[in-house]
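S.K.: The structure's right below; bear with me while I get my questions together.
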Amino acid sequence: QHTQLSYICSQLQANPYGLRKAEKLSSLESHIFLESTGIYHFPLFCYLVDYGFHASIINPIITHSSKNGNIRKVKNDIVDSKGIAKLGLSDDIPVSQFPAKLILELRSLTRKYYDLTDERSAHINKRFQKRSLQIHRTL
C-alpha cells in the first residue's frame, strides 16, 4: 500500500496540473475522496490540499456499509475506487473534518514529546537498575 501511495505522489509531482487540465477540458470541478486508512491516506490528502484540490476523507465504516448491497462481495482496488466515487456523488455523505495545520503540528509535537518522555524514563530506569546491581555487588 505504501508503494502505491509513493507511485501516486510521484505521478502527481511529475504533473500536478494534469487533473486541473482535465477539469478545464470538461468544465467540471473535481472532488477527490479518500478512504481513511490509518495513517497512509494522510500524506496524499495533505499533498492534494496543498495543491488546491478539493479532497475529503470518508470513514471506512461508511464505505463498508455501502458495500452491503453488493451480493458478490468483490474486493479489489478498482471496485473499491468505483464504490468510493459513487459515494462521493451523494449530496449528504459525511466526510471527516481535518483540523488546521497548526493543530496537526501541535498534535505531532505532543506525540513526540510523550515518546521522548517514555524513552527518558526507560533510560533512567535502566541506569537505576545498573546502579542498584553495582551497589548490591559491592556490599
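S.K.: Of all residues in region 106-139, which are of a type in the set (Ser, Thr, Tyr) and open to solvent by 100 Å² or more (accessible area, probe 1.4 Å)?
M.R.: Residues of region 106-139 that are of a type in the set (Ser, Thr, Tyr), as a first pass: 108, 110, 113-114, 117, 121, 132, 138.
Within region 106-139, TYR113, TYR114, THR138 meet the criteria.
S.K.: Anything in region 69-105 that is of a type in the set (S, T, N, Q) and either surrounded by 10 or more Cβ atoms within 10 Å (Cβ to Cβ) or at pLDDT below 75 (or both)? List them, or say none.
M.R.: Passing the criteria: ASN70, ASN76, SER81, SER96, GLN97.
S.K.: Which pairs do you get when a residue that is closer than 22 Å to LEU87 by Cβ, found in region 18-46, comes within reach of a residue that is part of a helix (DSSP H, G or I) and of a type in the set (D, E, K, R), reach meaning Cβ atoms under 9 angstrom, with the pair 6+ apart or on two chains?
M.R.: Partner pairs satisfying both residue conditions: GLU29/GLU23; SER30/ARG20; SER30/GLU23; GLU35/ASP80; CYS46/LYS101.
S.K.: Considering only region 1-30, state which residues are assigned to a loop (DSSP other than H, G, I, E, B) and either at pLDDT 80 or above or open to solvent by 50 Å² or more (accessible area, probe 1.4 Å) (or both).
M.R.: Within region 1-30, GLN1, ASN15, TYR17, SER27, LEU28, GLU29 meet the criteria.
S.K.: Now for a separate question. What's the total number of residues in region 31-68 that are open to solvent by 60 Å² or more (accessible area, probe 1.4 Å) and aromatic (Phe, Trp, Tyr)?
M.R.: So the count comes out to 3.
The values are calculated or read from the model by the stated rules, or taken from the named source; none is laboratory data. The shown structure was predicted, so the numbers you read here are calculated from the model rather than taken from an experiment. Reconstructed Cβ throughout: ideal geometry from the backbone, glycine too, with neighbour counts over all protein chains shown. Heavy atoms of the whole protein, side chains included, go into the accessibility calculation; ligands, DNA and RNA do not. Shrake-Rupley method; radii C 1.70, N 1.55, O 1.52, S 1.80 Å.
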